[in-house]
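Chemist: Take a look at the following structure, please.
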Amino acid sequence: MTETVQQNKKKTAEILQGIYKNVKMASDSILNLMPKVKDSKLKSDLTVELSAFDAFASRTAKLLAEEGIKPEEEGIVSKTMAKWGVMMDTMRDSTSTHLAEMMVEGATMGVNDMLRILREAENSNASESTIRLARDVCEFEEKVVEDMKAYLR
């Protein structure tokens, strides 16, 4: 394997790991929010989003496996801090409006991360399937932001 091919594989793996962490963080955040959701429409919307993020995680894991790499999970400390953050934030306000605001903030951060990852993928020799996945995730997170705006009052 030439050095260039090896560098491209390494870059593709880095990009895929970034996508995986992004979608798993979104999925974990929704799981952390779910017990606080009282509005049935919001719960339904979040369930659909959770399903989509899990599907993206599966797609990413499959592409990583094709590269011979195991997906990297977020550390226990990061997961615990995120869970505590949601718990503390929803303790003072667990209205649908506030939960939607939290989702908009999280999805906006996700979009920003995905745009950076996408630009990196497009400017490297990442595989077309990796670039397509990054675009799909980015578009979906933008849709999440738009969908959650309906709950803002």
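Chemist: When you check ALA65 against the structure, is it under 23 Å from VAL144 (Cα atoms) and not β-branched (Val, Ile, Thr), yes or no? Please lay out each step first, then the result.
Modeler: Values: under 23 Å from VAL144 (Cα atoms): no; not β-branched (Val, Ile, Thr): yes.
When the stated conditions are applied, ALA65 does not pass them.
Chemist: Condition first: charged (D, E, K, R) and either touching a residue at least 60 places away in the same chain (Cβ under 8 Å) or farther than 21 Å from ARG135 by Cα (or both). Now tell me which residues in segment 47-88 satisfy that. Steps first, please.
Modeler: Step one: list which residues in segment 47-88 are charged (D, E, K, R), which gives 49, 54, 59, 62, 66-67, 70, 72-74, 79, 83.
Answer for segment 47-88, where residues must be charged (D, E, K, R) and either touching a residue at least 60 places away in the same chain (Cβ under 8 Å) or farther than 21 Å from ARG135 by Cα (or both): GLU49, ARG59, LYS70, GLU73, GLU74, LYS79, LYS83.
Chemist: Restricting to helices (runs of 4 or more DSSP H) lying wholly in segment 38-153: which have 3 or more residues that are surrounded by 13 or more Cβ atoms within 10 Å (Cβ to Cβ) and in contact with a Cys (Cβ under 8 Å, 6 or more places away or on another chain)? Show your work before the answer.
Modeler: On the way: elements: 40-66, 76-92, 96-122, 128-148.
Filter on segment 38-153 gives 96-122.
Chemist: In segment 136-145, which residue that is of a type in the set (D, E, K, R) and within 12 Å of the chain's Cα centre (by Cα) is farthest from VAL111 (Cα to Cα)? Walk me through it before giving the result.
Modeler: So in segment 136-145, the residues of a type in the set (D, E, K, R) come out as 136, 139, 141-143.
If we keep only those that are within 12 Å of the chain's Cα centre (by Cα) too, we end up with 136, 139, 141-142.
On the way: ASP136: 11, GLU139: 8, GLU141: 6, GLU142: 6 Å.
Selected residue: ASP136.
Chemist: Shifting gears a bit: Test each condition in (1) more than 16 Å from GLU139 (Cα to Cα); (2) at pLDDT 95 or above; (3) among the hydrophobic types (A, V, I, L, M, F, W, C) for MET25 and report the one that comes out false.
Modeler: If we test MET25 against (1) more than 16 Å from GLU139 (Cα to Cα); (2) at pLDDT 95 or above; (3) among the hydrophobic types (A, V, I, L, M, F, W, C), just (2) comes out false.
Chemist: Would you check which residues across segment 43-82 are in contact with a helix residue (DSSP H, G or I) (Cβ under 6 Å, 6 or more places away or on another chain) and hydroxyl-bearing (Ser, Thr, Tyr) and list them?
Modeler: Scanning segment 43-82 gives a single hit, THR60.
Chemist: Moving to a separate point now. Out of all the residues in segment 67-110, which are within 25 Å of GLU142 (Cα to Cα) and among the charged types (D, E, K, R)?
Modeler: GLU72, GLU73, GLU74, LYS79, LYS83, ASP89, ASP93, GLU101, GLU105
Chemist: Only one residue in GLN7, GLN17 is within 12 Å of the chain's Cα centre (by Cα) and not hydrophobic (A, V, I, L, M, F, W, C). Which one?
Modeler: Numbers: GLN7 fails: within 12 Å of the chain's Cα centre (by Cα).
Just one listed residue meets the conditions, GLN17.
Chemist: Moving to a separate point now. If you go through segment 29-37 one residue at a time, do you hit one that is closer than 21 Å to ALA134 by Cα, in a helix (DSSP H, G or I) and in contact with a Phe, Trp or Tyr (Cβ under 8 Å, 6 or more places away or on another chain)? Full working, then the answer.
Modeler: First, pick out the residues of segment 29-37 that are closer than 21 Å to ALA134 by Cα: 29-30.
This time we only want the ones that are in a helix (DSSP H, G or I), so: 29-30.
Those still in the list that are in contact with a Phe, Trp or Tyr (Cβ under 8 Å, 6 or more places away or on another chain) too: 30.
Looking through segment 29-37, at least one residue is closer than 21 Å to ALA134 by Cα, in a helix (DSSP H, G or I) and in contact with a Phe, Trp or Tyr (Cβ under 8 Å, 6 or more places away or on another chain).
Chemist: Determine the pairs where a residue that is farther than 24 Å from LEU42 by Cβ, located within segment 102-121, has a partner that is surrounded by fewer than 23 Cβ atoms within 10 Å (Cβ to Cβ) with Cβ atoms under 6 Å apart, the partner being 6 or more residues away or on another chain.
Modeler: So the pair list comes out as ILE117/GLY18; LEU118/CYS138; ALA121/ILE131.
Chemist: Among the residues that make up segment 11-20, is at least one of them crowded, with 18+ Cβ neighbours inside 10 Å, more than 19 Å from ALA126 (Cβ to Cβ) and out of contact with any Phe, Trp or Tyr (no Cβ under 8 Å at 6 or more places or on another chain)?
Modeler: no
Chemist: Test THR4 against the stated conditions and say whether it is more than 23 Å from SER78 (Cα to Cα), out of contact with any helix residue (DSSP H, G or I) (no Cβ under 8 Å at 6 or more places or on another chain), among the polar types (S, T, N, Q) and assigned to a helix (DSSP H, G or I).
Modeler: Working: more than 23 Å from SER78 (Cα to Cα): yes; out of contact with any helix residue (DSSP H, G or I) (no Cβ under 8 Å at 6 or more places or on another chain): yes; among the polar types (S, T, N, Q): yes; assigned to a helix (DSSP H, G or I): yes.
Here the answer is yes, as THR4 does meet what is asked.
The values are calculated or read from the model by the stated rules, or taken from the named source; none is laboratory data. Just so you know, these numbers come straight off a predicted model, no measurement behind them. Using ideal geometry, Cβ is built from the backbone for each residue, glycine included, and neighbour counts are taken over all protein chains shown.
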